[in-house]
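The values are calculated or read from the model by the stated rules, or taken from the named source; none is laboratory data. None of the values given here were measured: they were computed from a predicted structure. Every residue, glycine among them, receives a Cβ derived from its backbone with ideal geometry; neighbour counts consider all protein chains shown. Ligands, DNA and RNA are stripped out before the accessible areas are found, and what is left, the full protein with its side chains, is counted by its heavy atoms. Shrake-Rupley method; radii C 1.70, N 1.55, O 1.52, S 1.80 Å.
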Amino acid sequence: MKAVFTYLKGDRVIWVITIMLCLVSILVVYSSTGTLAYKQAGGNTFYYLSKQLMFVGVSLLTVFIVHRANYKIFYNLAKLLYYASIPLLLYTLVRGVSINEAARWITLPGGFSFQTSDFAKMALMMYLAAQISQKQPEIKDLKKGVVPLLIPIGLTCMLILPANLSTSLLVFISSMVLLFIGRVQTKHIALLAGIGAVGVGIFILVALNSPDTGRIGTWKRRIENYISKDGENFQADQAKIAVATGGMFGKGPGQSVQRNILPHPYSDFIFAIIIEEYGLITGIFIMSLYLILLFRSVALIRKCPTTFPAFLVAGMVILIVLQAFTHISVNIGFFPVTGQTLPMISMGGTSMIINGIQIGIILSVSKEILKQNMANEPSEQTNDTDNEVQDEGNVTDKIID
């Protein structure tokens, strides 16, 4: 084990969590794609298993490559990636491949599909981390510190919204949390949240009074069913059945019944399949893995000597954990159906690779912090708490040092 961790740097607990989530992904995706294999792969159940094995392998390789880099390079990459995400989102709206009447994908050479919103939300959080770090001296000023941050948030959310309402909301909420961590005043965040709430309220009213067609019709049905609680909500009902029949210890691997009934049991409703086959105990264990990832990331943030790596780790872990618990909440009936996947577990190439980059970034920061701590260990007694907290007036000069 020690030999393995000579190559895997950074927080070992985060590495273990990542590998465990990937192992769960392989088991559950293989089990939940049986019906899909018979419909689209001539009954070859190993077809989707081999695809997921490839996705998991590429994702872990991505984690390894990214974590070996120095986190400082992400400061310069953040702006480039964010600027690249805008034309990608625009192209997706105009020429994207439609799935369930929503243009969310673009086709790459070789027949591979790429979901641009996954890339855009990661790029936005990286960009916000860099900008919040740079603007720390004036972050409490609405005009100079907050409004310039609101523009990229609003632009990204508006470009994602037409095809993916739930992702747009998650991006907005994640951004507000990062602004709070970035020392933006609570009253300014409340103002922005109020503007967002008004926008969502207007959107819901428009959706409820619009023709029952396309994505508007899908959103309208989901909103009405969730509000009334007595409308037909096939997906949510079947997910509840899967959770209820799974019990404490589950039916056993490969014994799910609802995988043959639920649409997208290998992605949107994979947590329900996990509980049906492996029981509530395993479901709680999966939730614990995401919570431990959050706690380890918070501990890492506290150790960061400068603002940029702290905000960078915060942005990445917020995206992962918030999406995970949104997915779980949908699967157990707390939220209306959103179509959010379970990070590092649900089947899919784009999401697995993007999640791999996010975890790799967290581990990159962890690796550098551990390295700095080892280098400073002999002089540990001479360090004051002043070295742990940056003075706001000097923080711009110490963003990425």
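Let's see how each residue does on (1) under 19 Å from S351 (Cα atoms); (2) not hydroxyl-bearing (S, T, Y):
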site	(1), (2)
A41	no, yes
T62	yes, no
L77	no, yes
I86	yes, yes
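For the stretch 10-43, filtered to residues that are open to solvent by less than 40 Å² (accessible area, probe 1.4 Å) and at positive phi, the residue that is modelled with the highest pLDDT is G10. Here the stretch 80-93 is the region considered, the condition is being touching a strand residue (DSSP E or B) at 6+ places or on another chain (Cβ under 8 Å) and open to solvent by 40 Å² or more (accessible area, probe 1.4 Å), and the residue that is modelled with the highest pLDDT is L88.
Only residues that are part of a loop (DSSP other than H, G, I, E, B) and open to solvent by 50 Å² or more (accessible area, probe 1.4 Å) were counted across the stretch 243-272, and they come to 8. For the stretch 115-141, the candidate set comprises residues that are without any contact (Cβ under 8 Å) to a residue 60 or more places away in the chain and assigned to a helix (DSSP H, G or I); within that set, the residue that is most open to solvent (accessible area, probe 1.4 Å) is E138. Residues in the stretch 44-74 that are outside any helix (DSSP H, G or I) and open to solvent by 20 Å² or more (accessible area, probe 1.4 Å): N44, T45, A69, N70, K72. Hey, can you tell me all the residues within the stretch 32-42 that are in a helix (DSSP H, G or I) and either closer than 12 Å to S267 by Cα or among the aliphatic types (A, V, I, L, M) (or both)? Those that are in a helix (DSSP H, G or I) and either closer than 12 Å to S267 by Cα or among the aliphatic types (A, V, I, L, M) (or both): S32, L36, A37.
For Q52, the test of being within 15 Å of M347 (Cβ to Cβ) and more than 24 Å from the chain's Cα centre (by Cα) is failed.
In the list F172, F203, which residue meets the criterion of being open to solvent by less than 70 Å² (accessible area, probe 1.4 Å), in contact with a Gly (Cβ under 7 Å, 6 or more places away or on another chain) and not acidic (D, E)?
Only one candidate qualifies: F172.
Filtering the stretch 68-79 for residues that are of a type in the set (K, R) and at pLDDT below 85 leaves an empty set.
With respect to (1) open to solvent by 10 Å² or more (accessible area, probe 1.4 Å); (2) under 16 Å from the mean Cα position of the chain (by Cα), the lone exception for F285 is condition (2).
Conditions tested, residue by residue: (1) surrounded by 23 or more Cβ atoms within 10 Å (Cβ to Cβ); (2) at pLDDT 90 or above; (3) assigned to a helix (DSSP H, G or I).
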position	(1), (2), (3)
I301	no, yes, yes
V317	yes, yes, yes
S329	no, yes, yes
F335	no, no, no
P343	yes, yes, no
K371	no, no, yes
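Within the stretch 161-176, the set of residues being farther than 18 Å from H327 by Cα and part of a helix (DSSP H, G or I) comprises S175, M176.
For the list (1) modelled with pLDDT of 95 or more; (2) small (G, A, S); (3) open to solvent by 60 Å² or more (accessible area, probe 1.4 Å), I need the number of the one condition that A375 fails. For A375, the failing item is (1).
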